[in-house]
1. Suppose we filter segment 169-193 for residues that are in contact with a helix residue (DSSP H, G or I) (Cβ under 7 Å, 6 or more places away or on another chain) and either at pLDDT below 95 or at positive phi (or both); how many remain?
2. Can we say H261 is under 17 Å from R211 (Cβ atoms) and surrounded by fewer than 19 Cβ atoms within 10 Å (Cβ to Cβ)?
3. Of the residues G263, G232, only one is more than 30 Å from R324 (Cβ to Cβ) and either outside any loop (DSSP other than H, G, I, E, B) or touching a residue at least 12 places away in the same chain (Cβ under 8 Å) (or both); which?
4. Among the residues that make up segment 125-135, is at least one of them surrounded by fewer than 14 Cβ atoms within 10 Å (Cβ to Cβ), at pLDDT below 90 and in a loop (DSSP other than H, G, I, E, B)?
5. Does T192 qualify as being without any contact (Cβ under 8 Å) to a residue 24 or more places away in the chain and either in a helix (DSSP H, G or I) or not small (G, A, S) (or both)?
6. Specify which of the listed residues (G325, G293, G304) is farther than 20 Å from G232 by Cα and either in contact with a strand residue (DSSP E or B) (Cβ under 8 Å, 6 or more places away or on another chain) or at pLDDT below 95 (or both).
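The values are calculated or read from the model by the stated rules, or taken from the named source; none is laboratory data. Small disclaimer: the values here were computed from a predicted structure and weren't measured. Every residue, glycine among them, receives a Cβ derived from its backbone with ideal geometry; neighbour counts consider all protein chains shown.
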Amino acid sequence: TLGADLIVNLVTAGRRVGVTATSHKVIGQLLAETAECARKRGVTVRIGQVPARGEEPTCADAVPLDNAGARDALAAPAGDPAALDVVGGTAWLWSREEMAGAVDTLFVDEAGQISLANVVAAAGAARNLVLLGDPQQLDQPIQGSHPPGADRSALAHLLTGPGGEEHQTMPPTLGLFLDGSYRLHPEIARVTSELFYEGRLRAHPGREAQRILGDGPLAGSGVRFVPVHHAGNDSASREEAEAVATLIAELLRSHAQWVDHNGQMHTLEAKDVLVITPYNAQVRELLDVVPDGVRVGTVDKFQGQQAPLAIYSMATSSADEAPRGMEFLYSLNRLNVATSRAKCVAAVVASPDLLRVRCKTPRQMRLANALARVIEVG
């Protein structure tokens, strides 16, 4: 929201703006927000996007472009009908030699995911960089073998101190910490703030109205814990999948509704539910049993998305059975992303035995404590 407002401000001042991120979908979301912001303010902003080859732009308001078209649209004089004010594309566009100096400001969205190397490669296209992102969410997924540090995001690099210490939130000497969530109900924001943002996060006014009206334990608002007892499961739990399917079906059968931040009521549909899990194996279990239309995927897939109801199925029976260890299953960033997708209710479905863990280091104690706190308030 703030990024879109800043882009419109720059265009109003006669600047050309670029937008980049790790995916065309994320780029399209910021472009769409920019178009909506411009309409509300009565400002004309001409937008273009270089989509994936053979596909349409992910922003409905954007003119489809190829690499050469993006270059020409940004180089055209302001009065030229072919000129564009804002162009979105991945680092593959902005790192091209002919794009050097093409825009005044390049916005890097989800800068906590895009690698430092990609940002450096794209940086030559602009005089100014704006990094938008969250260091407490997941880093960019990588494949293959790379030298140590290659997986670091641009934002994580910025927030790493000279002694290697990492800031949990943005210090005022480095940038601006956006302390208001437009998504989270205050009860979810309170837990999220306590665990991941040094107590600095709050919900924007009006979000206290957000709630689910229906039957079952997932009605209302806030954080929920749904215990499901099982044993011997590592990366998939049929027991949890069936419990999740039952919870969702109960809401849908009761013709549940959800209330947005404006107080308007909407019918809760299958598409309004996100079911998130750490493992692809559990994704397959869930897809077998949840109602059609429910969005199911891993934490990495759903970063940046939102829904009235988000359910996190942890799948593993105990810490000893976690196939990738505590650092993966109990990851603070992973737990943050999974629970902060929800507008109204964030539910954690998990085995209670996950709390019966023998921690060997202070780091492991912190990981287990975060999950314990979520369960305690739920």
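1. 3
2. Yes: the conditions hold for H261.
3. G263
4. There is no residue in segment 125-135 that is surrounded by fewer than 14 Cβ atoms within 10 Å (Cβ to Cβ), at pLDDT below 90 and in a loop (DSSP other than H, G, I, E, B).
5. no
6. G304
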